[in-house]
Amino acid sequence: MPNYSNTNRTIISIQNDVGLVVTRIFLHSGFHKTGTSSIQAFLAKNRDILKPFVKILLLDELPDVVRLSTRFSVSKHPLDLFDFQEAFCAFASNLAHSSDARPILISCEGLSGRSPGKKGITTYKAATLIAQSMIGALEAEFSDSLDLSLIFTTREPNSWLKSVYKHNLHGYRITDT
């Protein structure tokens, strides 16, 4: 098992097929109402225990990026996507230039945009463009040294729809009669 507590990225024993040191990133960006809050609560509660093994980044470390992801998912405007890309590129650059050698786990369903049922959103169509933007930014920063895993949690459709419906009713303070 690699020693992730060492801050010198060059001595990690994970290497790709051409011998380059690899940065492992797990990107969990959704979807809403699929257990993501439970996962994030677990990660936040156990952050200190997991610290020697993984760098955990949650909503608190991503407020501007998530705000722009949400804005794009509502507007669908190319300039809002550009603003998101610019913010995520800066975020990715900070990760790439860190001396922290641990694998990185990013978990935030806000990186899928706004939840369907709000602000006229009916699909996760924007999530595809958002994910492509994040992949592009990470690949540009880490080049051949990136080992990226995308994680999207799902749920049985009828159960998910009922949960989203109830969540939106509660969020808009509407009662179900």
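The values are calculated or read from the model by the stated rules, or taken from the named source; none is laboratory data. Predicted model only: the values in this text are computed from it and were never measured. All Cβ positions, even for glycine, are placed from backbone atoms using ideal geometry, and neighbour counts span all protein chains on display.
Here are the numbers for this structure:
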| item | result |
| --- | --- |
| Among (1) in a helix (DSSP H, G or I); (2) surrounded by 20 or more Cβ atoms within 10 Å (Cβ to Cβ), the one test that residue 86 misses | (2) |
| Failed criterion for residue 159 (all others in (1) farther than 17 Å from residue 36 by Cβ; (2) small (Gly, Ala, Ser); (3) surrounded by fewer than 14 Cβ atoms within 10 Å (Cβ to Cβ) hold) | (1) |
| Cβ-Cβ under 6 Å pairs, at least 6 apart or on other chains, the stretch 32-53 side in a helix (DSSP H, G or I) and of a type outside the set (S, T, N, Q), far side modelled with pLDDT of 95 or more and surrounded by 11 or more Cβ atoms within 10 Å (Cβ to Cβ) | 43/56; 47/56 |
| Test: residue in the stretch 92-102 that is touching a His at 6+ places or on another chain (Cβ under 6 Å), modelled with pLDDT under 95 and either among the charged types (D, E, K, R) or part of a strand (DSSP E or B) (or both) | no |
| Count - residues of the stretch 62-76 that are among the aliphatic types (A, V, I, L, M), in contact (Cβ under 8 Å) with a residue 24 or more places away in the chain and closer than 23 Å to residue 40 by Cα | 3 |
| Qualifying positions in the stretch 54-67 - farther than 22 Å from residue 81 by Cα and in a loop (DSSP other than H, G, I, E, B) | 54 |
| Meets criteria (modelled with pLDDT under 95 and either surrounded by fewer than 20 Cβ atoms within 10 Å (Cβ to Cβ) or among the basic types (Lys, Arg) (or both)) for residue 114 | yes |
| Residues of the stretch 133-148 that turn out to be touching a Leu at 6+ places or on another chain (Cβ under 8 Å), farther than 26 Å from residue 76 by Cα and not hydrophobic (A, V, I, L, M, F, W, C), as a count | 2 |
| Criterion (over 28 Å from residue 163 (Cβ atoms), loosely packed, with under 14 Cβ neighbours inside 10 Å, more than 13 Å from the chain's Cα centre (by Cα) and of a type in the set (A, V, I, L, M, F, W, C)) met by exactly one of 95, 79, 146 | 79 |
| Failed criterion for residue 29 (all others in (1) small (Gly, Ala, Ser); (2) at pLDDT 85 or above; (3) more than 25 Å from residue 139 (Cβ to Cβ) hold) | (3) |
| Residue among 79, 105, 111, 129 that is part of a helix (DSSP H, G or I) and in contact (Cβ under 8 Å) with a residue 60 or more places away in the chain | 111 |
| Odd one out for residue 175 among (1) within 18 Å of residue 74 (Cα to Cα); (2) among the β-branched types (Val, Ile, Thr); (3) at pLDDT below 85 | (1) |
